[in-house]
Amino acid sequence: MIPYGRHHIDEDDIHAVAQVLRGSHLTQGPAVEAFEDAVKSYVGCRYAVAVASGTAALHLAALAAGVGPRRDLATSPITFVASANAAAYVGGRALFVDIDPATVNMSPALLAAQIAREPGLQAVIPVHFAGLPCDMAEIARVAAAGGVKVIEDAAHALGATYPDGSRVGCCRYSLMTIFSFHPVKAIAAGEGGMITTNDPDVYHRLLRLRSHGINKVGDALRFGDLARTGDLANPWYYEMQELGFHFRITDIQCALALSQLRKIDRFIARRRELVRVYDEAFSGVPHVRPAQTGGRAESAHHLYVLRVDFRSSGLTRAEFMHRLRAADVGTQVHYIPVPMHPYYRDLGADPTAYPAAQAYYEEAISIPLFFDLTDSQQAHVIATIRETLR
Ligand SMILES: Cc1ncc(COP(=O)(O)O)c(C=O)c1O
């Protein structure tokens with residue numbers, strides 16, 4: 001079966017992990033900082049905090065942005081549930097802003113309308129869907145006018161660039177950006193996430209929150225007198241200053257991710273080439289079109305999503321997916337709109353309030369896109385889809 005996505009591991013990655021296993025630190029060692037430093041210089045931001053997953057990164061980012069009771073968070077309905085769940089983790093409410101059908105990203109105009117309607121909005125999480133950067137200049141402008149903090153969900157977008165040439169993660173347009181290093185993403189850590197920011201206070205808070213809320217180097221102590229005996233520092237003393245979490249990532253994961261990061265340009269170049277071939281192959285094929293067509297040079301190309309007009313094709317999506325599966329072609333739907341999930345319906349979400357997301361969902365299908373997809377496998381995917389739709 002050709003999956004819709006998968007990681008690529010080579011001998012360098014295996015060697016990097018083995019080095020950690022032979023060394024002295026499995027966790028809380030030098031590989032974590034080395035990976036953070038590498039991401040910082042790759043994306044061009046001041047601070048980076050590596051955590052256990054993209055979900056943990058969203059959770060801490062929501063907390064650091066002040067989301068909480070009566071301080072809502074808005075995100076896209078077309079995302080993985082984790083982007084919205086960050087609100088509930090911190091006692092806040094998730095609201096949804098419909099997508100622009102041309103990009104499958106949050107519509108900045110609808111965000112402006114939402115901000116005007118909901119004065120309690122504390123933060124917005126635009127999602128760079130499938131690796132295509134949102135219109136961040138416009139989102140940042142609209143959010144700033146409404147006093148709303150911006151957290152970019154770049155789980156799909158490590159390696160993507162904005163139209164101004166800067167990299168997603170540099171936080172030029174946001175307070176924080178989060179990444180995921182789950183194996184289907186641009187680089188794999190096994191599991192892992194990262195928050196980038198340029199704000200020193202946010203950075204120090206994130207460091208504490210990642211590790212139980214305990215003070216970190218440079219943090220002022222509440223009870224400084226307990227930290228000393230006369231002229232001597234008390235080496236055991238630390239303070240838990242707020243309720244934090246254990247969201248640390250291990251050195252094993254960071255060594256793998258660091259080794260993977262060295263290959264990211266190659267990874268993205270191959271994805272871009274595969275996308276070009278798909279774009280050409282499907283142009284003019286009845287019932288089908290790419291879900292995103294703009295920003296081909298800027299996207300990190302995490303997913304290749306087709307929109308298939310199943311009504312006119314005479315096939316249901318279930319039949320289409322099963323026929324492809326029978327030909328060893330794996331597909332997936334990204335995503336079921338978050339307001340459709342029972343948890344969010346129980347909280348009062350109305351999926352019909354997001355018509356563009358709903359129309360997209362009816363037609364969306366992700367087809368195989370990953371570094372190791374060979375030309376002949378891709379030709380098989382294309383031929384199978386054309387044949388199935390004929
Ligand atoms: C858009 C988006 N945000 C957040 C996450 C959460 O990342 P993780 O799986 O590392 O917790 C994912 C993961 O699939 C995602 O696709």
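The values are calculated or read from the model by the stated rules, or taken from the named source; none is laboratory data. Given the structure is predicted, the values throughout are model-derived calculations rather than measurements. Backbone-built Cβ (ideal geometry, glycine too); neighbour counts: all protein chains shown.
Summary table
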quantity	calculated
Scan of the stretch 166-182 for residues that are in a loop (DSSP other than H, G, I, E, B) and crowded, with 24+ Cβ neighbours inside 10 Å, ordered by number	Val168, Gly169, Cys171, Tyr173, Ser174, Phe181
Selection within the stretch 243-287 - touching a Lys or Arg at 6+ places or on another chain (Cβ under 7 Å), surrounded by 19 or more Cβ atoms within 10 Å (Cβ to Cβ) and among the basic types (Lys, Arg)	none
Residue pairs meeting the criteria (Cβ under 9 Å; at least 6 apart or on separate chains; first under 21 Å from Phe371 (Cβ atoms) and of a type in the set (Asp, Glu), in the stretch 186-199; second part of a strand (DSSP E or B) and within 9 Å of the ligand (Cβ to nearest atom))	Glu191/Ser180
From His15, His7, residue being closer than 22 Å to Phe370 by Cα and not aliphatic (A, V, I, L, M)	His7
Residues of the stretch 238-269 classified as in a helix (DSSP H, G or I) and out of contact with any Leu (no Cβ under 8 Å at 6 or more places or on another chain), total	14
Among residues of the stretch 313-365, those that are over 21 Å from Ala291 (Cα atoms) and among the aromatic types (Phe, Trp, Tyr), counted	2
Subset of the stretch 371-390 (residues that are more than 15 Å from Gly5 (Cα to Cα), in contact with a helix residue (DSSP H, G or I) (Cβ under 7 Å, 6 or more places away or on another chain) and either at pLDDT below 95 or of a type in the set (Phe, Trp, Tyr) (or both))	Leu389
Qualifying residue in the stretch 184-202 (condition: in a loop (DSSP other than H, G, I, E, B), within 26 Å of Val17 (Cα to Cα) and among the β-branched types (Val, Ile, Thr))	yes
Residue among Arg296, Arg272, Arg323 that alone is assigned to a helix (DSSP H, G or I), free of Cβ contacts under 8 Å to residues at least 40 places away in the same chain and either in contact with a helix residue (DSSP H, G or I) (Cβ under 9 Å, 6 or more places away or on another chain) or at negative phi (or both)	Arg272
Residue satisfying all of: in the stretch 164-199; under 12 Å from Val49 (Cβ atoms) and away from the ligand (no atom under 16 Å from the Cβ); farthest from the chain's Cα centre (by Cα) among these	Asp199
Given (1) away from the ligand (no atom under 16 Å from the Cβ); (2) touching a residue at least 60 places away in the same chain (Cβ under 8 Å); (3) over 22 Å from Ser41 (Cβ atoms), index of the condition Arg289 fails	(2)
Unmet criterion (only one of (1) in a loop (DSSP other than H, G, I, E, B); (2) surrounded by fewer than 15 Cβ atoms within 10 Å (Cβ to Cβ); (3) among the polar types (S, T, N, Q)) for Ser41	(1)
Of the criteria (1) within 29 Å of Arg205 (Cα to Cα); (2) touching a Pro at 6+ places or on another chain (Cβ under 9 Å), which one Leu274 fails	(1)
Qualifying residue in the stretch 308-330 (condition: in contact with a strand residue (DSSP E or B) (Cβ under 7 Å, 6 or more places away or on another chain) and loosely packed, with under 15 Cβ neighbours inside 10 Å)	yes
Residue that is among the aromatic types (Phe, Trp, Tyr), modelled with pLDDT of 95 or more and assigned to a helix (DSSP H, G or I), where the choices are Tyr360, Tyr335	Tyr360
Given (1) within 16 Å of the ligand (Cβ to nearest atom); (2) among the small types (Gly, Ala, Ser); (3) under 17 Å from Leu389 (Cβ atoms), index of the condition Ser312 fails	(1)
Counted residues, the stretch 238-256 - those being aliphatic (A, V, I, L, M) and touching a Gly at 6+ places or on another chain (Cβ under 6 Å)	3
Breaking point among (1) touching a Cys at 6+ places or on another chain (Cβ under 7 Å); (2) aromatic (Phe, Trp, Tyr); (3) closer than 29 Å to Leu347 by Cβ, for Phe35	(3)
All positions within the stretch 290-319 that are over 28 Å from the mean Cα position of the chain (by Cα) and not acidic (Asp, Glu)	Phe310, Arg311, Ser312, Ser313, Gly314, Leu315, Thr316
Single residue of the stretch 46-76 satisfying the filter (in a loop (DSSP other than H, G, I, E, B) and either within 12 Å of the ligand (Cβ to nearest atom) or without any contact (Cβ under 8 Å) to a residue 12 or more places away in the chain (or both)) that is nearest to Ile115 (Cα to Cα)	Ser76
Given (1) of a type outside the set (Lys, Arg); (2) in contact with a Gly (Cβ under 7 Å, 6 or more places away or on another chain); (3) more than 25 Å from Phe129 (Cα to Cα), index of the condition His301 fails	(3)
